[in-house]
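Down below is the structure, laid out as structure tokens.
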Amino acid sequence: MRILLIEDEKKLSELIARALRAERYAVDVAHEGHAAWQMVETYEYDLLILDLMLPGLDGAEILRRTRRRNPHVPILILTALDATDEKVRNFEAGADDYLTKPFAFAELLVRVKALMRRGPVSRASVVRVADLEIDRLTQQVRRAGRKIELTAKEYALLEYLATNPGRVFSRTMIIEHVWDQSFEGLTNIVDVYVRHLRTKVDDPFAAKLIRTVRGAGYYLGEGAEP
Amino acid sequence: MNTRSLSFRLIAWYAGLLTLVFLLLGAVMFAAVADDLQSSLRNDQIRRAQQISDTLLRGVSHSVEPVLAQSVETLYAPEANDRFIRITRGDGTVLFQSGEPHDRHFVPDVPPLGQLPVSRSWREVRLSGGGSLVIGTVIHRSANGTRYAVEVGSSTAPIDAALGRLLAVLGTGLPLAVAMAVIGGFLLVRRSLVPMERIARKAEVITQHNLSERLPVERTGDELERLSLSLNHMISRLEEAVQGSKRLVADASHELRTPLTVMRGELESMAADPQVTAATRELLASLLEEVDRLAAVVDGLLALSRLDTGEASAQWVKFDLAELVATTADQMSLLAEDKRISVICDAPQRVLVDGNRAKLKQVVVNLLDNAIKYTPNGGSVRLKVAAQNGQAVLEVADTGMGIPPEALPHVFERFFRVERSRSREQGGAGLGLSIVKSICAAHGAAVELQSTTDQGSRFRIRFPSAAELEQPQLPQGAA
């Protein structure tokens, strides 16, 4: 799996490349628009990660040209602009996903993974983490065979954490997925819902599945805590 | 008709002035004609009297007096010429007096002269039978010293009739002329104001979202061309300013957020290193929290800048504010429950408002979050949506600690924090209420705040013109 990372900020591109390589992706890095476009023309990539503000050719132009050449390669946009109309414009220009700086690396990895296996891989309707079972079709949750009643928001939160067991989700990520943009900056709402979710999912059982990583966020996991 | 419109006022002024000018002109003309006619009538009488005195009375004596009367009768035929002629001796006795004219339009019952005037003169005599006579008098002194007064008079009726006709002509012609001038003026003004109407209509649809559009400029070389040109220049300057601030927001976003991403990435990867000690991990976590806070501040500031460039004025839809408030309260209910705060949502009726739904939801979220944050455990928060006097009113009231009076004017300022218990530990970037105010301003709504220390605060937002009221829905109970 080969990824082209187009990001002019050297430090950031190094960080992202390092994180992606740790996940065993092959990563090429371009720091400038024209060089990036040459690489897109020369090699077949499985994914493009594209910063919109670039010297030389700008990101939006690379997005357009790439889409004309290859309509299928997934493109993940990195941008500092978070206005809704900006997002809409980029999706219309052919972006597959959109990440606003500053993002958590965990989130970048989750999205990269999702984009790479998009298509043939079907998502299982039942997710299992240890003895926890989440049925996505009926929206029912069982633990050790016992049914757990959750409110709609609690269920959405748990299901989101369960999309990538072991992966840390930041509060901002959780807000964006489980609530909506109007709640941005209201991170304490996540803490409150996680606490309520814990009383139902974890408290009656010995093994605690919902874990906190201070300063980073929450994840769903089994085994010994790190 | 709009009585304050430019065309109405122009025409009203124009018609008023025109009427005034016509009235003055008519009056002057009438006076001049009347004076001219009357003075010529007078001069006529005196001239004739002089004629009689010159031709007939020369060398008169008592012996020829009857012959004199005879010759006046034949030479001047006063009755046939509708004239009054009288010759009076110095002692007041009448030598000759003409009779009633043939057409009988006056009765010559002119009072006797009595004392003879010293020289020629004229006078107007009202007749008992109606009408009046203008009488010119000339004094004749004969060779033997006898004085005679020759009076010649003529009716003013023909002059009065002529003046009456003139008055009638003026009286009907003047209003007619004014009316025609007003109609003509109205058509002219309307025609010249049509392009103005077009400019106004176009200017009304230009907002900060289509500033690249321009007003139509007609190359007429008149004031309206200049007006549309200068308006277009103003729109250009506005466009530049908006573009400039949009660019600034974009640049600032990039310059602030990229380093934050790097910091966060580095810290995360350090924290993920299994060899890091617990103490260092704590430190890294604390740094990550600060990065989050900084990111939140940057988000808030940029959100405010985007609001300044008119973000909330776009994508307006008509929606039910009551429903929005009820669902938002529901989504946040756990926050309140956590502090055993009861949230009462009093929004029984559909209240339609026009606006940017996502931004107005943010208003509700920010106000409700604030209310819950600053209300102690066991308190209550009351949300109310109602239509009052054609306005949609949103109220968020809490039983919290309230805001001290000296802080009230400042709570909507950026980064303002009420001191004491409102420490930064309670989160937020100090921008929430500024954002609320900006969004409301973009919707033409004012935010009112009432607060009593230790009793609670109440925010009230009035949105202009709620569109309609409908049947009550199921009341939303305590959330």
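A short reminder: the numbers here are calculations on the coordinates, not readings from a lab. As the structure is a computational prediction, the values presented were derived from the model and not from experiment. Neighbour counts are summed over all protein chains in view; Cβ atoms, including those assigned to glycine, are modelled from backbone coordinates with ideal geometry.
Distance from the C-alpha centroid of the stretch B:141-168 to that of the stretch B:229-306: 108 Å, rounded to the whole angstrom.
This model, with +1 at the C-beta of Lys and Arg and -1 at the C-beta of Asp and Glu, gives the stretch A:126-220 a dipole about its Cα centre of some 340 debye. Amide H to amide H, with H built 1.01 Å from N, B:Trp316 comes under 5 Å of no residue 5 or more places away or on another chain.
Look at the dipole of chain B built from charges on Cβ: of B:Pro158, B:Val125, B:Thr327, the Cα furthest out on the positive end belongs to B:Val125. Note on chain B: with charges restricted to the Cβ of Lys and Arg (+1) and Asp and Glu (-1), its dipole about the Cα centre is near 1200 debye.
Between rounded, prolate and oblate, where does the stretch A:126-220 land on the alpha carbon gyration tensor, with a ≥ b ≥ c its root eigenvalues, rounded for a/c under 1.5, else prolate if a/b exceeds b/c? Cα axes put the stretch A:126-220 in the prolate bin.
Cross-link pairs exceeding 27 Å between alpha carbons, from the set A:Lys147/B:Lys373; B:Lys359/B:Lys384; A:Lys11/B:Lys359; A:Lys87/B:Lys437: A:Lys147/B:Lys373; A:Lys11/B:Lys359.
Assuming a ≥ b ≥ c are the square roots of the Cα gyration tensor eigenvalues, decide whether the stretch A:2-116 counts as rounded (a/c under 1.5), prolate (otherwise, with a/b larger than b/c) or oblate. List each step's numbers first, then the result.
On the way: a/c = 1.28, a/b = 1.08, b/c = 1.18.
Rounded, because the longest to shortest axis ratio a/c is under 1.5.
From its DSSP helices (H runs of at least four residues, each -39,500 (n - 2.57)), chain B gives a residue-normalised ellipticity at 222 nm of -17500 deg cm²/dmol. What FRET efficiency would be calculated for the residue pair B:Asn210, B:Arg190, taking the C-beta separation as r and a Förster radius of 25 Å, to the nearest 0.05? Computed FRET efficiency for B:Asn210 and B:Arg190 comes out at 0.30. Averaging the sequence gap over all C-alpha pairs within less than 8 Å and six or more residues apart, then dividing by the number of residues, gives chain B a relative contact order of 11 percent. Counting Lys and Arg as +1 and Asp and Glu as -1, what is the net charge of the other residues whose Cβ lies under 9 Å from the Cβ of B:Val249? Residues close to B:Val249 contribute a combined charge of +1. Amide H contacts of A:Ile6: A:Ala30, A:Ile49, A:Leu50, A:Asp51, each under 5 Å away and 5 or more positions distant or on a separate chain (H built 1.01 Å from N in the peptide plane; Pro and chain starts excluded). Partners of B:Lys318 within straight-line reach, counting aspartates and glutamates whose Cα lies under 18 Å from its Cα and excluding those fewer than 8 residues away in the same chain: B:Asp354, B:Glu468, B:Glu470. Across all directions, the average flat footprint of the convex hull enclosing the Cα atoms of the stretch B:153-256 is 11.3 nm². For the stretch B:6-161, the C-alpha radius of gyration divided by 2.2 N^0.38 Å, with N the number of residues, is 1.46. Cross-link partners of A:Lys208 among aspartates and glutamates, defined as those whose alpha carbon lies under 19 angstrom from its own and excluding same-chain residues fewer than eight positions apart: A:Asp131, A:Glu133, A:Glu149, A:Glu154, A:Glu159, A:Asp191, A:Glu222, A:Glu225. Taken about its Cα centre, chain A carries a charge dipole of roughly 800 debye when the Cβ of each Lys and Arg holds +1 and the Cβ of each Asp and Glu holds -1.
Karplus-based coupling profile of the stretch B:112-127, in residue order and whole Hz: x, 6, x, 5, 6, x, 6, 9, 5, 7, 9, 7, 10, 10, 7, 9, with θ = phi - 60° in 6.51 cos²θ - 1.76 cosθ + 1.60 and x standing for Gly or Pro.
The ranking of A:Thr79, B:Thr74, B:Thr261, B:Thr220 from fewest to most other beta carbons within 10 Å of each one's beta carbon is B:Thr74, B:Thr220, A:Thr79, B:Thr261.
What list do you get for A:Asp203, B:Asp44 if you sort them by fewest beta carbons within 10 Å? Don't skip to the end; give the middle numbers.
On the way: A:Asp203 8, B:Asp44 15.
So the ranking, lowest neighbour count to highest, is A:Asp203, B:Asp44.
Less than 5 angstrom separates the built amide H of A:Gln140 from those of A:Asp135, all sequence-distant by 5 or more or on a different chain. Relative contact order for the stretch A:2-116: 24 percent, from Cα pairs under 8 Å spaced at least 6 residues apart, divided by residue count. Normalised size of the stretch B:322-427, defined as Cα radius of gyration per 2.2 N^0.38 Å with N residues, equals 1.12. Semi-axes of the equivalent ellipsoid for chain B, computed as √(5λ) from the eigenvalues of its C-alpha gyration tensor and ordered from largest down, come to 106, 26, 19 Å. Projected over all directions and averaged, the alpha-carbon convex hull of the stretch B:223-308 occupies 6.1 nm². Bridgeable lysines around A:Lys153 (alpha carbons under 18 Å apart, same-chain partners fewer than 8 residues away excluded): A:Lys200, B:Lys361. Contact order, relative form, for the stretch A:126-220: 27 percent (alpha carbon pairs under 8 Å, 6 or more residues apart, mean separation divided by residue count). Positive end of the dipole of the stretch A:126-220 (Cβ unit charges, origin at the Cα centre): among A:Ser170, A:Leu197, A:Ser182, the Cα lying farthest that way belongs to A:Leu197. 3J(HN,Hα) along the stretch B:86-102: 9, 10, 10, 6, x, 7, x, 7, 8, 7, 8, 9, 6, x, 5, x, 5 Hz, from the Karplus curve 6.51 cos²θ - 1.76 cosθ + 1.60 with θ = phi - 60°, whole Hz, x for Gly and Pro. Using θ = phi - 60° in the Karplus curve 6.51 cos²θ - 1.76 cosθ + 1.60, the 3J(HN,Hα) couplings for the stretch A:92-99 round to 5, 6, x, 6, 9, 8, 8, 10 Hz; x is entered for Gly and Pro. Over every Cα atom in chain A, the radius of gyration and the widest Cα-Cα span, Dmax, amount to 19.3, 59 Å.
For chain B, the residue among B:Val94, B:Gly444, B:Pro409 whose Cα projects farthest onto the positive side of the dipole built from Cβ charges is B:Val94.
For the protein assembly as shown, the calculated P(r), taken from all Cα-Cα distances in 10 Å bins from zero up to the bin holding the longest distance, is 2, 10, 14, 15, 12, 7, 5, 4, 4, 4, 5, 5, 5, 4, 2, 1, 0 percent.
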